[in-house]
Amino acid sequence: MQILKKWNLEIKLFLGLIFVGVVIRYLFGNKSVLWDFWSVVDTSSAVAMALLAFLAYKDILKGDDEIAIYFVVNGKRKDTKLSLLRKDCTRGEILGVLGIIQANTENRFKLEKATSLKILDEVQAVQRADKNIFEIYLSQEEFKYFDIEEDKDGVIEGKKI
C-alpha cells in the first residue's frame, strides 16, 4: 500500500496516457496521423520501460555482491577473512561482526569516535557501490581488541584491491 501512495502520480499519468490512446483510436480510427504518432509513443515507451526494468534488475543483483571486510592498521591491510553481502552491509551488521571476532567476549570492544564515524562513511560507500571492500581503520590500541591472526597472507601493504 505504501508503494501505491509513493507512485500515486506515476499511476495517474500511466492510466491517463492509456485513456488518451483509447480515445484517439476510437475517435480518429487507424488511418489518422494521431494514431500513427500514438503508435510511435507506445513502442518507444515499451522500449524505455524494458530498459528501466533491466537497470533495476542490475541494481538488485548488486545487492548480492560479496564484500570482504579488512582492518587497516598503521597503513597495512589485514584480512579478517569475513564478508557480508552488500545488501546486508549496515552499521549494525558491521558492529555485530566486530563483536563476533573480539578477543575478550566479556567486555565490549572500544572504538574511538573518529573510527565510528569512518565506519559510517564506509557503510555508505559500500551501499552506494562506490567500493567493493569494507575497510575499518583502527589504531594499534583498537586492533588489540580483536582476535585476528597476523600472518603474511593476511597483510597487503599499500595495495588497492
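Quick rundown of the values:
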| quantity | calculated |
| --- | --- |
| Beta bridge orientation in the chain: antiparallel %, DSSP, nearest 5 | 65 |
| Rel. contact order, % - alpha carbon contacts under 8 angstrom, at least six apart, region 33-91 | 26 |
| Phi to ³J(HN,Hα) by Karplus 6.51 cos²θ - 1.76 cosθ + 1.60 over region 116-124, Hz, x for Gly, Pro | 4, 5, 5, 4, 4, 4, 5, 4, 5 |
| Beta bridges by DSSP in region 66-157, antiparallel share as percent, to the nearest 5 | 65 |
| Within the chain, helix-based [θ] at 222 nm, where runs of 4 or more DSSP H residues each add -39,500 (n - 2.57), nearest 500 | -17000 deg cm²/dmol |
| Sites matching trypsin sites (Lys or Arg not before Pro) across region 28-109 that sit in DSSP coil, with at most 15 neighbouring C-beta atoms within 10 Å | K31, R108 |
| Per-residue HN-Hα couplings for region 52-61 [Karplus 6.51, -1.76, 1.60; θ = phi - 60°; Hz; x = Gly/Pro] | 5, 5, 5, 5, 5, 5, 4, 5, 5, 5 |
| Acute angle (nearest 10 degrees) that the helix 91-100 long axis makes with the longest principal axis of the chain, alpha-carbon atoms | 30 |
| Relative contact order (%) - the chain, alpha-carbon pairs under 8 angstrom, separation at least six | 24 |
| Given charges at beta-carbon only (K, R positive; D, E negative), |dipole| of the chain in Debye | 700 |
| Cα-based radius of gyration of the chain once divided by 2.2 N^0.38 Å, which approximates compact folds | 1.72 |
| Using θ = phi - 60° and Karplus 6.51 cos²θ - 1.76 cosθ + 1.60, couplings along region 131-146 (whole Hz; Gly, Pro as x) | 10, 10, 9, 10, 10, 10, 7, 10, 7, 4, 5, 5, 4, 5, 6, 10 |
| 5 angstrom amide H check on I136, placed H, neighbours 5+ away | Y70, F71, V72 |
| Candidates per chymotrypsin sites (Phe, Trp or Tyr not before Pro) in region 66-124, loop by DSSP, up to 11 other Cβ within 10 Å | none |
| Sequence-separation-based contact order of region 66-157, relative, with Cα cut under 8 Å and 6+ spacing, percent | 44 |
| Across K118/K144; K62/K110; K110/K131; K81/K144; K78/K131, pairs whose alpha-carbon gap is larger than 24 Å | K62/K110; K110/K131 |
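Every read-out reported here was derived from the displayed coordinates using simple, explicitly stated rules and does not represent laboratory data. None of these values were measured; they are calculated from a predicted model. Positions of Cβ are generated from backbone atoms using ideal geometry, with glycine treated the same way; all protein chains shown enter the neighbour counts.
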